[in-house]
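Peer 1: Dumping the structure here so I can ask a few things about it.
The values are calculated or read from the model by the stated rules, or taken from the named source; none is laboratory data. Everything numeric in this text was worked out from a predicted model, so none of it was measured. Cβ sites come from the backbone with ideal geometry, for glycine too, and all protein chains shown count toward neighbours. Note: accessible area is taken over every heavy atom of the protein model, side chains too, but ligands, DNA and RNA are not part of it. Shrake-Rupley method; radii C 1.70, N 1.55, O 1.52, S 1.80 Å.
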Amino acid sequence: MEATSMEEYMERIRVLDALEQQAMGLSRMLTTYTDRLQERLEQRISIEEATDDATLTSIRNLQAAINQSVGQRRSLVEKCVQLEREMDGMQAISQQVQEIRQLLDVMEYAKRKS
């Protein structure tokens, strides 16, 4: 009986050793998968950070372009307003030139008549 129970004991130890080896293998696999997952997550974070930086740079550049465009439009409007003011004087001069022409026409007509 003792031999049988010693054999059973040894068999149980072998089974436990096999289970321990399997558990160690699974633990190594899990560690490998966890390390790979961590590497991928770190890569993903780096990519997202770079994307965020590029997006912020694009936004800043777009903001600068918009600000420049708005400034140029304001300058154009100011020049148009100034030109309009200057044209008011030109219209007055144009009116005076027309009146002078009319007077010259009248004088020329009067001279021909006389």
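Peer 1: To the nearest µm²/s, what D does Stokes-Einstein give for the chain at 10 °C and 1.306 mPa s, using the Kirkwood radius over alpha carbon pairs as Rh?
Peer 2: Taking Rh from Cα pairs, D becomes 64 µm²/s.
Peer 1: Counting only protein heavy atoms, what percent of the accessible surface of the chain is carbon or sulfur at a 1.4 Å probe?
Peer 2: 58 percent
Peer 1: Right, here's the next one. Hey, can you find the accessible area per residue of the range 75-114 for me, probe 1.4 Å, expressed in square angstrom?
Peer 2: 101 Å²
Peer 1: Given a 1.4 angstrom probe, what's the average accessible area per residue across the range 14-57, in square angstrom?
Peer 2: Computed with neighbouring chains in place, this is 93 Å² per residue.
Peer 1: Testing the spin-label approximation: label points 7 Å from Cα along Cα→Cβ at Met107 and Thr51. State their distance in nm.
Peer 2: Going from the Met107 label point to the Thr51 one covers 8.2 nm.
Peer 1: Next question, about the same structure. Treating the angle as unsigned and between 0 and 90°, give the value, to the nearest 10°, between the Cα long axis of helix 2-113 and the longest Cα principal axis of the chain.
Peer 2: Value to nearest ten degrees: 0.
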